[in-house]
Amino acid sequence: MEEGTFKSPGDCGDTEADYAVLQWDTRVDCEVRQILDRVADKWSLLVIALLDQRSLRFTELKRKIDGVSQRMLTRTLRHLERDGLVERTVYPTVPPRVDYALTPLGASLHTTIKALVTWTEDHQNEIATARNTYDRKTLEEEAAQLASV
């Protein structure tokens, strides 16, 4: 095998040994990258967070997620279901009732998401300060460039 090539299209490297972000290959066929793209999507994060409390119907999810379109919520739920993170249950009523719930795999992901949210809450003031510092510095640099012209 040629140096720098992977064993299979879905093999993106070993993320356990000698951890490096460059192992998250940017190739389209990289499974790790595809999964990260899916679970880190803003709509997926919100759906997983909401379903941690209890199962919800589609309309309940749509009402609770500000700004999501019906089409985007449908796509997000289908993708999460395909990945084994969400379970869809259809009840034979008229009209049909459909509930969505986290699978055990989805619940384990929620634990990780919750840690990320907690980190964000703990550091939001530091981030706001850094943003203000950066913005002020950028404005000063732009003003200096305009003054030198």
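Things worth noting here:
- Pairing residues of region 92-113 that are within 18 Å of D37 (Cα to Cα) with residues that are not in a helix (DSSP H, G or I), at Cβ distances under 6 Å and at least 6 apart in sequence or on separate chains, gives L105/G84; L105/L85; G106/L85; G106/V86; H110/D52.
- Candidate set: region 41-56, residues that are more than 26 Å from E31 (Cα to Cα) and open to solvent by 90 Å² or more (accessible area, probe 1.4 Å); chosen: the one modelled with the highest pLDDT: R54
For (1) surrounded by 10 or more Cβ atoms within 10 Å (Cβ to Cβ); (2) outside any helix (DSSP H, G or I); (3) not basic (K, R), each residue gets a yes or a no:
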| site | (1), (2), (3) |
| --- | --- |
| V68 | yes, yes, yes |
| T74 | yes, no, yes |
| H79 | yes, no, yes |
| R88 | yes, yes, no |
| G106 | yes, no, yes |
| T112 | yes, no, yes |
| V117 | yes, no, yes |
| A130 | yes, no, yes |
| Q145 | no, no, yes |
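The values are calculated or read from the model by the stated rules, or taken from the named source; none is laboratory data. As the structure is a computational prediction, the values presented were derived from the model and not from experiment. Every residue, glycine among them, receives a Cβ derived from its backbone with ideal geometry; neighbour counts consider all protein chains shown. All accessible areas refer to the heavy atoms of the entire protein, side chains included, with ligands and DNA or RNA removed. Shrake-Rupley method; radii C 1.70, N 1.55, O 1.52, S 1.80 Å.
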